[in-house]
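This report concerns only the one structure given below.
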Amino acid sequence: MAQLAENTVQHTLCIPLWGRKIAAETYPHLFPDLDAGRIINELGVDLSSKKLYKLQYMWMNCLIRQYDLASEIHAYLRSHPRAVVVEMGAGLSCLRRQMGNQSNPWYCLDMENVIALREAHIPVGQYEHNLACDLNDFSWFQKIPFDPKDGIVFTAGGLFYYFEKEQVRRLFCAMAEHFPGGMIAFDAVNAMGLKGVNAEVKMAGNKTKSYFCLERPKAELEGWTKHIVNVEERDYIDGYLKDGYRKDWIFRLFAWVMRTFHMCFLIHAEFAKEE
């Protein structure tokens, strides 16, 4: 049985996976995740004793992030029905299966040992490809088929926290030039929110450190290069999944704090089309 070494970025894959398992069992009508519980069982992982999962806010965030990213993909595909979809740092995400997408080319990118886990536990669908790569080595650009007429949409859920800001800047600038007309959606936090991310990971029994944060997403990203345009900051908690579940008082308090102090948000950024 494949296992994950503790206190590594790979081990953090189990944090959202366990949250997705709880959310799918509690609210199966919101965003059907038929795989999380199965994968948890196959990995032989048990995080039930971790304090993190006693809080509705923590495990619901795992479902909310998938829902938010799916909403961004849906929106892009409405105007680019033939677009390529790329999950950066896909981990053990089953987003394509949850969305029921059987028509778009779909690429799941991650480190070699993580891709090995995907291959072992997540069936590869038609037009779906797992690609082992180092995201900081831009040679992976050449492995993604891209036609500007069709478009391309990238998602990154819980990924960039583990990057230094300069790494993210270099990556985005290069992507924006290579994939004109594309779009990326990812979750991010400010400096205060970053402390919360590290605390959550610690509560889940992991010591992996997070680094990346943004204070003024639109000004910062659009200031990196002229090729990044139309940056929008969207409400992570209530901007997409507005109802269908009942928030307990702790959830409502956490959501208020996160919104009031600008601690967590979803970023929509576009790559300028070729002139």
Considering each residue of the range 180-204, count those that are at pLDDT 90 or above and of a type in the set (S, T, N, Q), and give that number. 1
Subset of the range 238-255 (residues that are more than 18 Å from HIS29 (Cα to Cα) and under 22 Å from the mean Cα position of the chain (by Cα)): GLY239, PHE251, PHE254, ALA255
Test THR260 against the stated conditions and say whether it is more than 30 Å from PHE179 (Cα to Cα) and not hydrophobic (A, V, I, L, M, F, W, C). yes
Could you check the range 158-171 and list, in sequence order, the residues that are at pLDDT 95 or above and buried (at least 21 other Cβ atoms within 10 Å of the Cβ)? VAL168
Enumeration of residues in the range 105-151 that are farther than 24 Å from ILE40 by Cα and in contact with a Cys (Cβ under 7 Å, 6 or more places away or on another chain): TRP140
Pairs, first within 15 Å of GLU72 (Cβ to Cβ) in the range 225-252, second among the hydrophobic types (A, V, I, L, M, F, W, C) and assigned to a loop (DSSP other than H, G, I, E, B), C-beta under 9 Å, six or more apart: ASN230/ALA272; GLU233/LEU214; LEU241/LEU30; LEU241/PHE31
Does at least one position in the range 135-155 carry a residue that is touching a Leu at 6+ places or on another chain (Cβ under 7 Å), more than 16 Å from GLU270 (Cα to Cα) and surrounded by 15 or more Cβ atoms within 10 Å (Cβ to Cβ)? yes
In the range 34-49, what residues are open to solvent by 20 Å² or more (accessible area, probe 1.4 Å) and not small (Gly, Ala, Ser)? LEU34, ARG38, ASN41, GLU42, VAL45, ASP46
Among residues of the range 104-119 being part of a loop (DSSP other than H, G, I, E, B) and in contact (Cβ under 8 Å) with a residue 40 or more places away in the chain, the residue farthest from ALA75 (Cα to Cα) is MET111
Those residues that are open to solvent by less than 20 Å² (accessible area, probe 1.4 Å) and in a helix (DSSP H, G or I), I need them from the range 174-193; list them, please. MET175, ALA176, GLY193
Take the range 120-158 and flag every residue that is more than 23 Å from ALA272 (Cβ to Cβ), of a type outside the set (S, T, N, Q) and assigned to a loop (DSSP other than H, G, I, E, B). ILE122, PRO123, VAL124, GLY125, TYR127, CYS133, ASP134, ASP137, GLY157, GLY158
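Yes/no matrix, rows are residues, columns are (1) modelled with pLDDT under 90; (2) more than 30 Å from PRO145 (Cα to Cα):
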{"site": "LYS207", "(1), (2)": "yes, yes"}
{"site": "LEU214", "(1), (2)": "no, yes"}
{"site": "ALA219", "(1), (2)": "no, yes"}
{"site": "LYS226", "(1), (2)": "no, no"}
{"site": "VAL229", "(1), (2)": "no, no"}
{"site": "CYS264", "(1), (2)": "no, yes"}
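The values are calculated or read from the model by the stated rules, or taken from the named source; none is laboratory data. Just so it is clear, the structure is predicted and the values come from calculations on it, not from any experiment. Reconstructed Cβ throughout: ideal geometry from the backbone, glycine too, with neighbour counts over all protein chains shown. These area figures cover heavy atoms from the full protein model, side chains too; ligands, DNA and RNA do not enter into them. Shrake-Rupley method; radii C 1.70, N 1.55, O 1.52, S 1.80 Å.
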